[in-house]
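Just below is one structure, and these are the notes that go with it.
The values are calculated or read from the model by the stated rules, or taken from the named source; none is laboratory data. All of these numbers come straight from a predicted model, not from anything done at the bench. So basically every Cβ, Gly included, is an ideal-geometry build from the backbone, and we count neighbours across all protein chains shown. Surface accessibility is based on the protein's heavy atoms, side chains included, excluding ligands, DNA and RNA. Shrake-Rupley method; radii C 1.70, N 1.55, O 1.52, S 1.80 Å.
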Amino acid sequence: MENNLFDLDGGVEGRRERLDALEQQVSVCTKCDLSETRTNTVFGTGNPTSPLMLIGEGPGENEDATGLPFVGRAGKLLDDILAAVKLSRDDVYLTNLVKCRACVEEGGRWKNRPPRTAEVNACDPYLQAQLEAVKPAVILCLGGPAAKSIIDKNFRITKDRGEWHDVYGARTMATFHPAYVLRQRGDDLKETKRLVWRDIQAVRSEYDRALEKRG
Ligand code: URA
């Protein structure tokens, strides 16, 4: 990739500079058709030295409008999930598989749609560069698409969530996407929340272990 985005290994300032340069590249990216319908690119936010990186699927309407990840109802739930283990967005680094909203026009309105494989692949070098810059010790994939892309293409979220994998030198797990949790009702909602809360506690333990290791 241009600008040596893969080989800078600085401290906090180095990482910030590297991510800023990458964000600038992403903001003018035209590698796939999503650039034609986006309002803003949504690069990522949080602490570039955090041991924990969260990876969602891609921006929706609210994120496209603001340029920030997870700002809608799913974002509020994500904040609650993090708060349940005494973490905030400032403690983690938060990004998505794709940096532009995937949408389709239906009945005169633009509706969110899942990003296509070609779009995820086109955006992947940016995610790889973010992983290289942040070097997380722990990765939490939010939902099946992130897990399929990061952990295993055959990943099944209902069966495989909550299990640890070693990917990119990081302890890596997937849990249900907050938007999926919001779609559940009754007993399904209770059970889904219980599992997500269990997963986030396991993630918090790995986060603490990573901090201890750093000393
Ligand atoms: N869903 C995602 O996966 N990412 C966002 O940023 C918002 C909603």
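Numbers at a glance
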read-out: Extreme residue, farthest from the ligand (Cβ to nearest atom), among residues of the range 68-86 that are closer than 19 Å to Val134 by Cβ and open to solvent by 10 Å² or more (accessible area, probe 1.4 Å); value: Leu68
read-out: Residue within the range 10-19 that is within 14 Å of the ligand (Cβ to nearest atom) and either crowded, with 16+ Cβ neighbours inside 10 Å or at pLDDT 95 or above (or both) present; value: no
read-out: Residue in the range 177-191 that is acidic (Asp, Glu), modelled with pLDDT of 95 or more, out of contact with any strand residue (DSSP E or B) (no Cβ under 8 Å at 6 or more places or on another chain) and closer than 28 Å to Thr37 by Cα present; value: no
read-out: Cβ pairs under 7 Å, 6+ apart, first in the range 49-68 and charged (D, E, K, R), second part of a helix (DSSP H, G or I) and buried (at least 18 other Cβ atoms within 10 Å of the Cβ); value: Glu57/Pro145; Glu57/Ala146
read-out: Ala202 being modelled with pLDDT of 95 or more and touching a Lys or Arg at 6+ places or on another chain (Cβ under 8 Å); value: no
read-out: Qualifying residue in the range 129-141 (condition: in contact with an Asp or Glu (Cβ under 6 Å, 6 or more places away or on another chain) and within 24 Å of Gly60 (Cβ to Cβ)); value: no
read-out: Residue that is assigned to a loop (DSSP other than H, G, I, E, B) and within 23 Å of Asp208 (Cα to Cα), where the choices are Pro115, Pro136; value: Pro136
read-out: Residue in the range 113-134 that is of a type outside the set (A, V, I, L, M), at positive phi and either at pLDDT 95 or above or crowded, with 22+ Cβ neighbours inside 10 Å (or both) present; value: no
read-out: Breaking point among (1) outside any loop (DSSP other than H, G, I, E, B); (2) over 20 Å from Leu68 (Cβ atoms); (3) touching a residue at least 12 places away in the same chain (Cβ under 8 Å), for Thr158; value: (3)
read-out: Residue in the range 163-184 that is charged (D, E, K, R), more than 24 Å from Val26 (Cβ to Cβ), out of contact with any helix residue (DSSP H, G or I) (no Cβ under 7 Å at 6 or more places or on another chain) and assigned to a helix (DSSP H, G or I) present; value: yes
read-out: Number of positions in the range 69-83 that are touching a residue at least 40 places away in the same chain (Cβ under 8 Å) and in contact with an Asp or Glu (Cβ under 6 Å, 6 or more places away or on another chain); value: 0
